[in-house]
1. With r as the distance between the Cβ atoms of Thr317 and Trp27 and R0 = 25 Å, compute the FRET efficiency 1/(1 + (r/R0)^6) and round to 0.05.
2. Run the simple label-point estimate for Glu419 and Arg183 please: 7 Å along Cα→C-beta, distance reported in nm.
3. Quick check: residue separation of Asn336 and Val51 times 0.36 nm, minus the Cα distance between them. What number comes out in nm?
4. Using the per-residue mean of other Cβ atoms lying within 10 Å as a proxy for protection, in what order, highest first, do the peptides 420-427, 409-416 fall?
5. So how much slack lies between Thr343 and Ser377, counting 0.36 nm per residue of separation and subtracting their Cα-Cα distance, in nm?
6. Provide the solvent-accessible area of Thr317, counting protein heavy atoms only and rolling a 1.4 Å probe, rounded to the nearest 10 Å².
7. Compare the peptides 197-203, 262-268 by average per-residue count of other Cβ atoms within 10 angstrom and give them in order, highest first.
8. Pulled fully out, how much extra length does the chain show between Ile210 and Ser173, if you take 0.36 nm times their separation in residues and subtract their Cα-Cα distance?
Amino acid sequence: MQPTCKKNVVTLLSRKKNRTVMLNDIWQLFNEMAPYLLLGFLMAGLMHEFVPAKLYSNYLSGQNFRSVMYAALFGIPLPLCSCGVIPTAMGLRREGASRGATCSFLIATPQTGIDSIAATYSLMGLPFALLRPFVAFVTAIFGGVLINSFDCDSSVDSSATPNHSNENHSHKSVWERIVSALRYAFLEMVEDIGRWLIVGLLIAGLITAIVPDEWFAAFRDNSLMSMLLVLSISIPMYVCATGSIPIAVALMMKGLTPGAALVLLMAGPACNTASILVVHKVLGRRTLCLYLTAIVSGAIVSGLFIDALLPREWFTTQLQMVDGCCHGASSSFFNNFCSALLTLLLVRAFWPFGSKHHHCHDEACHCHEHHHSAVYSIQGMNCSHCAATVEQAIAALPGVERVTVSLGGKSAEVEGDVEESAVRKAVENVGFNAQKL
């Protein structure tokens with residue numbers, strides 16, 4: 001065999017090996033996370049259905065430390081993705097929450113969530129699972145207090161309509177509420193974070209299989225440089241709290257410090273481009289600067305604290321178990337069953353792609369009787385929660401008879417006698433952009 005042919009064969013075998021390693025690592029990470037994700041989804045669905053929406057606004061309507069603390073406490077367990085938290089926070093702002101409380105909620109909520117905490121425990125161990133919500137809580141309070149101290153404009157947009165998505169829960173039976181909780185947990189939530197979970201797993205697989213260990217050798221003994229490297233990657237990247245976990249695991253397997261992994265887990269979900277644009281648009285440039293300062297400084301200080309003062313073995317023991325699992329250790333029947341179930345839910349969530357939200361004021365919904373119809377392009381929707389928020393904002397306008405919002409089509413069909421400017425303002429008030437087609 002000629003040398004060139006041998007070289008080509010070796011290259012092909014190497015590429016095939018890399019693809020096999022990547023697919024195996026992705027599956028094993030998914031397999032480890034699946035049981036905890038399903039449990040987290042279930043608990044999230046129960047919280048969504050049985051915790052009244054008004055509870056949050058009642059405790060956040062104030063210009064004081066208490067409202068900031070409650071905003072952080074309420075935000076930590078909420079299972080909202082990085083984009084879904086935006087309209088919720090804007091709704092709290094319209095209902096009277098201070099700038100500080102609104103930003104505290106914006107900081108704490110996307111960084112954690114009951115589903116992501118469970119998934120963090122599955123792949124990264126108990127220390128990370130405990131530190132992650134604690135750091136989110138401290139950072140959120142710091143950010144909220146900072147904003148209330150230096151940007152205390154308390155004006156509230158009273159023209160928008162509050163978003164009480166579960167205000168009619170009292171009219172449901174217990175069984176109906178349980179069914180609604182399961183539907184939210186295993187259909188809507190899987191659709192919301194599923195794509196970002198898959199993206200996170202793919203990125204983790206690529207890092208593990210393709211990136212040489214030597215690339216990160218210069219950062220292994222330099223915690224601050226590791227964190228700055230991670231920040232440069234995570235801030236513009238759109239990733240949810242759950243989707244960031246496999247990426248953090250892959251980076252630690254390549255030699256980055258636990259502190260750098262924590263920076264990714266905290267800054268990645270909270271500092272995405274969508275959040276930055278909405279905070280700048282709704283709350284102003286000064287609030288945005290303070291918001292980013294709180295997240296970045298909180299993440300770096302926490303990361304340095306972990307690397308300097310806590311035993312590294314706390315964070316690498318679980319990582320070694322995951323690494324062993326990715327290199328041949330067999331998975332249990334229960335994990336495989338949960339992985340298969342979660343795979344079916346993901347397939348169900350994305351087939352057919354593009355869920356629709358429908359609202360009609362007429363109980364009989366005789367939609368064929370409506371004469372005025374307009375279609376709007378809606379920019380910024382990334383999950384079913386976003387679509388539901390847009391639907392509720394438009395449906396609350398006087399003269400609107402029917403609203404159908406398509407998440408996949410990024411559009412809203414509005415029937416009734418309503419001005420275009422009113423629709424655009426209602427959509428903008430909840431953090432999105434509307435343009436009549």
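The values are calculated or read from the model by the stated rules, or taken from the named source; none is laboratory data. Because the structure is a prediction, the values reported are computed rather than measured. Every residue, glycine among them, receives a Cβ derived from its backbone with ideal geometry; neighbour counts consider all protein chains shown. Areas reflect the complete protein model, heavy atoms only, side chains present, ligands, DNA and RNA absent. Shrake-Rupley method; radii C 1.70, N 1.55, O 1.52, S 1.80 Å.
1. Working: r = 22 Å, r/R0 = 0.90.
The pair Trp27/Thr317 has a calculated efficiency of 0.65.
2. A separation of 3.6 nm, rounded to one decimal place.
3. So the extension gain works out to 99.4 nm.
4. Working: 420-427: 17.1, 409-416: 20.4.
Output ranking for 420-427, 409-416: 409-416, 420-427.
5. Numbers: separation 34, 0.36 × 34 = 12.24 nm, distance 3.13 nm.
Contour length minus the Cα-Cα distance gives 9.1 nm.
6. Approximately 80 Å² for this residue.
7. On the way: 197-203: 20.3, 262-268: 28.6.
Final packing ranking: 262-268, 197-203.
8. Values: separation 37, 0.36 × 37 = 13.32 nm, distance 5.29 nm.
This chain segment gains 8.0 nm when fully extended.
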